[in-house]
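Read the figures in this text as sums done on the coordinates, not as results from a lab. Quick caveat, the model's predicted, so the values are computed rather than measured. Neighbour counts run over all protein chains shown; Cβ positions are idealised from the backbone, glycine included.
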Amino acid sequence: MDLAFTKEEQAFREEVRSFFRDNVPPDTRRKLVEGRHLTKDEMVTWWRILNKKGWGVSHWPKQYGGTGWTSVQHYIFNEELQSYPAPQPLAFGVSMVGPVIYTFGNEEQKKKYLPRIANVDDWWCQGFSEPGSGSDLASLKTKAERKGDKWIINGQKTWTTLAQHADMIFCLCRTDNNAKKQMGISFIVFPMKSKGVTVRPIQTIDGGHEVNEVFFDDVEVPVENLIGEENKGWDYAKFLLGNERTGIARVGVSKERLRRIRDLAGKVESGGKPIIQDSAFREKLAACEIELKALELTQLRVVADEGKHGKGKPNPASSVLKIKGSEIQQTTTELLMEVIGPFAAPYDLHGDDGSNEAMDWTAQIAPSYFNNRKVSIYGGSNEIQRNIIAKAVLGL
Amino acid sequence: MDFDLTEEQRLLKDSIDGLLTDSYDFEQRKKYMKEKGGWSKAVWGKLAEQGLLGLPFAEADGGFGGGGVETMIVMEALGKALVLEPYLATVVIGGGFLRHAGTDAQKAAHVPGIVDGSKTLAFAQLEKNSRYDLFDVATTAKKKGDGWVIDGEKFVVLNGENADTLVVTARTKGNRRDTTGIGVFLVPADAKGVTRKSYPTQDGLHAADITFTGVEVGADAAIGNPEDSLALIERVVDEARVALCAEAVGLMDESLKTTVEYIKTRKQFGVAIGSFQSLQHRASDMFVAAEQARSMSMFATMAGDFENAKERSNAIAAAKAQIGKSLKFVGQQSIQLHGGIGMTMEAKIGHYFKRLTMIENTFGDTDYHQRRVADAGGLI
């Protein structure tokens, strides 16, 4: 047992860190530190910088543009990225549809889509959830009917993150109504500008516009847009969801936020002195930092294990990372609320789509707290994660 | 970065697990408890035979040169089997003082007896009002000729009833809460002026309240600098905390395993109660808590080697705080999920709960260590 990173790993961390220092646009970083949203341009600009460096799709196989890094290097890269902070790669393209395409797609699909995903020439969104299919995803109803050389798609998706920016969608559609619910689903991709696709914004409790409803009304999609085999979509969806493992703990994100809390708590007064001098607050902050340290170690255990024994099957440890990681993220936003106290209240009517520079820094703190309630809901709610642990680990 | 055991460490783990599987089931433990002193000399002898009592000592001193990971392996196994024998008091703490600051003569006098199992030690540190502050020492050691005269009262000294030698913290200078002027002394338990009041503890171990009245010891009784040994005490107690973290992980593992087995077999409403989602989620949360504890136990074990004393104790404080939270949750929920049977002396789960609970209140509880981390400026 040894906690230390090797010399090479430390040098790699330095390399990554200095690349971020030199290349992340300062405004982008500042907005992330302040908890503001970014514009589409700001995000895409950064992702292209990353892709030019060769780090845009770091975990992909080398022949598709990946880096061939070890698990520890991936860990270091993510941690530095999250805690610098810089925007994370667009998960829907890079972590979700990309791996499905290079694993199950045909050569033509790989050639057509992968380079455009890496360079964010296409912004992808995910068409999984439906109004009636949340945690019970396999009950989805959106239908794809084969007519000649086309799929005719009808139905509705929801919680479609940043669909307003998207050029492409990957969609789970029912292609066989008679099979068992998991067996009749196919994985189909198509342009968002296809005729019959309507995007309607959902305003979330933070006032933001992150998610959407997407309606399909006789959308015509060429048959070759099916990825992999017909009716095997559920397997690909499971593959895709199990792919994202250690990143979900978002340890770097919470670290960065805790640093910010410590910084602000040294400035904001309570009882005539900085709130960091209030022992009750300080101990709460320490408690959160201790939980995060434990989570970081849990994550490192998973990383080290993958490095040694390969990724293998989806690891139930990822459920631990999801549960604890989301709880800690939520606690950090609570602590921020506590730091600013009564100044959490003012609401900026202009909202924050990334362009509202006049907004006071305090105005984003309550929305961020509201918004972070989502992290224990998305990606398989924490209750679903507990089901997974109960079954896969404890054998209940 | 590596969290795997070496081949040698795996063998060590197998050997102690094997020994305890053979000689330490719950029924056997009940018998050992009734032996004189409350633990088994025979088991202690077996631990000595396997070299476990000499594990952390240098080979030159008759030991096996094991490090923090080896102690972690042993303590986890002892926790899993709910072992009563005084490994912590004798090998980890008593041995710790000898390893870090003992003179050649002191080591020669004490280490062989520890290694062969013929002698045990106890750490007389806690006082009426000191609570968890190691520097809060009212017991005095006054110079007399070349030697020292010790006066004071110590409480809840684990293995105090049986120990041959007491390791006593005493003040040679200054006031009760000064951080300097504290010494550590080796005192024969049968020295004139030592009186022991012994009792079982809540978790089935044995302890004693010990009074020192004009106890005279020689100059060679002092381990380390008799006027400035707080750093030494902190170092050894940090190692004891790390050992307790590992013991707690073993206890939690076994508690969770026992509880999951129970809810898989206990039937109500015609089905195993483990088929109910509310119980499944509780058990999953116990698993999460135990994993977080295991991570911090490993972290604390590795932090034991940190050069920087401040970083070391901050990391270990964090671990003890995390483990305190985890053990409370796992312990309490183990009882809850067992239902009524968990409330009985007859079921083993309650005994695990009690040992876990006592660990929380030893060498600093969650609040105490959380405060230390907070006062040190945090952990990020």
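Using a cut-off of under 13 Å, list every residue of the range A:223-238 whose amide N is near the label point 7 Å from the Cα of A:D149 along the Cα-to-beta-carbon line.
In the range A:223-238, the label zone of A:D149 (backbone N under 13 Å from the point 7 Å along Cα→Cβ) covers A:223-225.
Rounded, prolate or oblate: which fits chain B, taking a ≥ b ≥ c as square roots of the Cα gyration tensor eigenvalues, rounded meaning a/c under 1.5, else prolate when a/b beats b/c? Walk me through the numbers before you get to the answer.
Details: a/c = 1.75, a/b = 1.61, b/c = 1.09.
Note, shape of chain B comes out prolate.
Grab the other residues whose beta carbon is less than 12 angstrom from that of B:G45, score K and R as +1, D and E as -1, and report the net.
-1
To the nearest whole number, what is the average tally of beta carbon atoms from other chains within 10 Å of the beta carbons of peptide A:377-386?
The per-residue average across the peptide is 2.
Please give me the summed charge of the neighbours of A:P367: other residues whose Cβ is under 13 Å from its Cβ, Lys and Arg +1, Asp and Glu -1. Walk me through the numbers on the way to the answer.
Values: positive: A:R36, A:R373, A:K374; negative: A:E34, A:D206, A:E210, A:D348, A:D352, A:D353, A:D360.
Within the 13 Å Cβ shell, the charges total -4.
When Lys and Arg each count +1 and Asp and Glu each count -1, what net charge do the other residues less than 12 Å away from A:A304, Cβ to Cβ, add up to?
Net charge in that neighbourhood comes out at -4.
Averaged over its residues, how many other protein chain Cβ atoms are within 10 Å of peptide B:297-304's Cβ atoms?
3
For a Förster distance of 60 Å, can you work out the FRET efficiency between the beta-carbons of A:A358 and B:I341, rounded to the nearest 0.05?
Once the sixth-power term is evaluated, E becomes 0.40.
Using helices alone, what [θ] at 222 nm do you get for the protein assembly as shown, with -39,500 (n - 2.57) per DSSP H run of 4 or more residues, divided over all residues and rounded to the nearest 500? Before the final figure, lay out each step's value.
Numbers: 23 runs with 348 residues, N = 776.
Calculated at 222 nm, the ellipticity per residue is -14500 deg cm²/dmol.
Give the relative contact order (percent, whole number) for chain B; include only Cα pairs under 8 Å separated by 6+ residues. List each step's numbers first, then the result.
On the way: 688 pairs, mean separation 54.8, N = 380.
So the answer I get is 14 percent.
Would you mind putting B:262-273, B:153-164 in packing order, based on average other-beta-carbon counts within 10 Å, highest first? Before the final figure, lay out the partial values.
Details: B:262-273: 13.5, B:153-164: 22.2.
In descending order of packing, they fall as B:153-164, B:262-273.
Considering Cα pairs under 8 angstrom that are at least six residues apart, work out the relative contact order of the range B:231-375 and quote it in whole percent.
Over the range B:231-375, the number comes to 29 percent.
What is the distance, in nm, between label points placed 7 Å from the Cα along the Cα-to-Cβ direction at B:Q332 and at A:K181?
In this crude spin-label approximation the distance works out to 3.6 nm.
Kirkwood hydrodynamic radius of the range B:231-375 from all distinct Cα pairs, in Å?
Numbers: mean 1/r = 0.0633 Å⁻¹.
So the Kirkwood estimate lands at 15.8 Å.
Can you tell me the Rg and the Dmax, both Å, for the Cα atoms in chain A?
When restricted to Cα atoms, chain A yields Rg and Dmax of 21.7, 75 Å.
Taking the range B:183-215, which trypsin sites (Lys or Arg not before Pro) meet the DSSP loop condition and have no more than 15 other C-beta atoms within 10 Å?
Qualifying residues, ordered by number: B:K192.
Quick one: the Cα spread of the range A:245-393 along its three principal axes, in angstroms, biggest first?
Each principal axis gives a Cα extent; for the range A:245-393 these are 53, 36, 25 Å.
DSSP loop trypsin sites (Lys or Arg not before Pro) in the range A:295-378 with at most 11 other Cβ atoms within 10 Å of their Cβ, which ones? Could you put the intermediate results ahead of the total?
Numbers: sites: A:R301, A:K308, A:K311, A:K322, A:K324, A:R373, A:K374; in loops: A:K311.
Here no trypsin sites (Lys or Arg not before Pro) fit, given the DSSP loop and packing criteria.
What shape does the protein assembly as shown have by the C-alpha gyration tensor, where a ≥ b ≥ c are the square roots of the eigenvalues, rounded means a/c under 1.5, and otherwise prolate means a/b greater than b/c and oblate the rest?
prolate
Could you work out the relative contact order of chain A? I mean the mean sequence separation of Cα pairs under 8 Å and 6+ apart, divided by the number of residues, in percent.
The value is 15 percent.
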